[in-house]
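These notes are about the structure you will find just below.
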Amino acid sequence: MTLGLYLSRQILRRILGAGATLLLLGLTLDLAANGAPVAEEGGSRALLEYALLRLPLLAVTLTPPAILIGAALGFLMLAARSELTALRAAGAGTLRLLALLVPLALVLGAANGLLGDRLRSQSEARLAERFPRASETQLQTEDLWVRGPGVVASFAHIAPDARSAEGVTLHLLDDDGRIAGRIAAASAQREAGGWLLTEARVRPLGGRLETHPTYRWSSAMGPAEILRFAGGEASTSAEAAAVLAGDLQAVRGDAYYRTRLMRGYADWLVPAVLILLAARAGFAHGRIGDGARKAGSAVALGFLYIAIDGFAAAMSQTGAVSAPVAAFAPLAAFAALGLWSVVTHEG
């Protein structure tokens with residue numbers, strides 16, 4: 001077993017333990033707040049389904065604290081057993097030991113990036129569809145306007161899964177984006193490749209009004225596109241990139257999408273910075289008080305980074321700070337602070 005693999009296993013075990021503890025605590029508090037209406041709706045089976053859908057969303061929020069706390073505990077344990085002291089005495093400096101943890105940081109970065117992007121968006125959509133009353137994503141189900149391929153649509157009311165709607169008005173567009181016709185219907189039901197409209201009134205531009213008890217409207221605009229507008233934001237960095245490139249209709253301002261795109265990149269680097277900050281706990285000298293002080297200061301520094309990073313992201317979404325600066329300046333500043341802490345303590 002190589003030294004790098006041994007150190008990675010010790011740190012990873014504590015991170016997984018901290019993550020499991022935080023997830024259990026978070027899920028318990030969440031069920032205490034939202035479990036009653038979910039249970040009334042579908043009993044224990046619905047409660048279990050809600051918990052499974054909620055776990056990925058909790059993991060997004062709790063992964064950085066779990067990495068920070070777990071890494072600090074891992075370094076503290078290695079220091080308490082004098083393993084780090086022995087390694088440094090044998091000529092293995094702290095920076096070299098940290099370099100051995102780079103593969104672990106890359107794996108955790110990939111997990112953090114995927115959790116914060118794709119898995120979260122999928123869980124948010126399913127949770128909003130299945131349990132709209134308990135979802136953090138509040139869907140706009142009344143008086144919704146949506147722009148899709150070749151159409152601007154308005155809905156007086158949509159179902160939570162966006163597969164049916166009432167009070168539908170479709171403004172059809174030509175290839176140049178100009179109005180080419182109008183369809184009004186009492187209701188709409190999603191079918192393969194389009195929508196089935198009832199009590200439809202169809203009027204092409206310059207043509208006569210036609211009425212149909214049922215009318216099939218072929219359209220690529222489906223529930224996913226409607227839910228994206230109803231939720232009010234692009235969930236993934238890929239969607240944000242598509243909006244900025246003009247390939248996807250915007251729901252919010254460009255500042256939001258630039259922030260989301262930059263955050264998608266920065267999330268991959270967050271675990272490396274947190275592990276670097278947690279390394280301060282490895283300089284404890286065996287005394288309980290010293291170990292608690294070093295680990296406590298490492299965790300406090302990590303949470304300060306998390307708070308500043310969140311504040312910078314919020315400022316970036318308003319356009320007050322550029323998205324690249326908001327995403328990477330806190331990372332760079334706290335990485336430099338962590339390196340300085342390691343170098344000064346080792347010296």
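Results, tabulated for the structure shown:
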quantity	calculated
Strands (runs of 3 or more DSSP E) completely within region 126-214 that count 3 or more residues being among the aliphatic types (A, V, I, L, M), modelled with pLDDT of 75 or more and not assigned by TED's automatic domain parsing to the domain that holds residue 27	151-158, 164-173, 179-191, 194-204
Yes/no for residue 298 being in a helix (DSSP H, G or I) and modelled with pLDDT under 95	yes
Single match in 91, 43 (criterion: in a helix (DSSP H, G or I), at pLDDT below 85 and at positive phi)	43
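The values are calculated or read from the model by the stated rules, or taken from the named source; none is laboratory data. Model, not experiment: these values are computed from the prediction.
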